[in-house]
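Quick notes on the structure that follows.
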Amino acid sequence: MTFLLPPVGKVTHKVEDERLEVLICQAFGFYPKEIRATWRKDREICKYEAFHRNVAPNSDGTYYVWLSIKIDPKERDRFRCHLEHEGLQEPLVLAWKEERGESLRGWTCRSRFFTSVGKCAATFPIPVYLRRFHLPLEQ
């Protein structure tokens, strides 16, 4: 029996300096392993600028992957992470949005989830999801 688990995604960021930051897109909890994850700037795939980590297994049999891209912070609103997986009816499109007072050591503590139409795609907090699948929480 084959089953599908769509990915849950989030975007975080790390500030390198006032002229450079790194956006990180994470997809986790998906099955089967095959997934297409891309960064896009104004809908154009950033093929050479993005750094991809290989898809890796979780202890519960699902998979995770992440990809990052270095950008000029002034252009942040032009970038989207696109996740395509057979467990999704349409691609999951994510963007990072700054929330006041939500950063710790340069990493965001909380992210918002957005679909291609800008609506909330997830209504539960990520730490609850991670505990459910016995994954380590990020500090």
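The values are calculated or read from the model by the stated rules, or taken from the named source; none is laboratory data. A quick note: this is a predicted structure, and the numbers were derived from the prediction, not measured. Here the Cβ positions follow ideal geometry from the backbone for every residue, glycine too, while neighbour counts run over all protein chains shown.
Given (1) aliphatic (A, V, I, L, M); (2) modelled with pLDDT of 50 or more; (3) surrounded by fewer than 13 Cβ atoms within 10 Å (Cβ to Cβ), identify the lone condition not met by Val93. For Val93, the exception is condition (3). Of the residues contained in region 61-81, one or more are found to be under 30 Å from Phe3 (Cα atoms), in contact (Cβ under 8 Å) with a residue 12 or more places away in the chain and exposed (fewer than 15 other Cβ atoms within 10 Å of the Cβ).
Could you list, in sequence order, all residues of region 67-102 that are within 10 Å of the chain's Cα centre (by Cα) and part of a strand (DSSP E or B)? Show your work before the answer.
Residues of region 67-102 that are within 10 Å of the chain's Cα centre (by Cα), as a first pass: 67-68, 80-83, 92-96.
Result: Leu67, Ser68, Arg80, Cys81, His82, Leu83, Leu92, Val93, Leu94.
Scanning region 20-44 for residues that are more than 17 Å from Gly9 (Cβ to Cβ) and within 16 Å of the chain's Cα centre (by Cα) yields a total of 2.
If you go through region 30-64 and keep only what is farther than 11 Å from His82 by Cα and small (Gly, Ala, Ser), you end up with Ala50, Ala56, Ser59, Gly61.
Residue-level analysis places Arg112 outside the set of residues that are under 12 Å from the mean Cα position of the chain (by Cα), modelled with pLDDT of 55 or more, of a type in the set (Lys, Arg) and under 14 Å from Val11 (Cβ atoms).
I'd like to check which strands (runs of 3 or more DSSP E) are fully inside region 2-66 and have at least 2 residues that are in contact with a Cys (Cβ under 9 Å, 6 or more places away or on another chain). It comes to 8-17, 20-30, 36-41.
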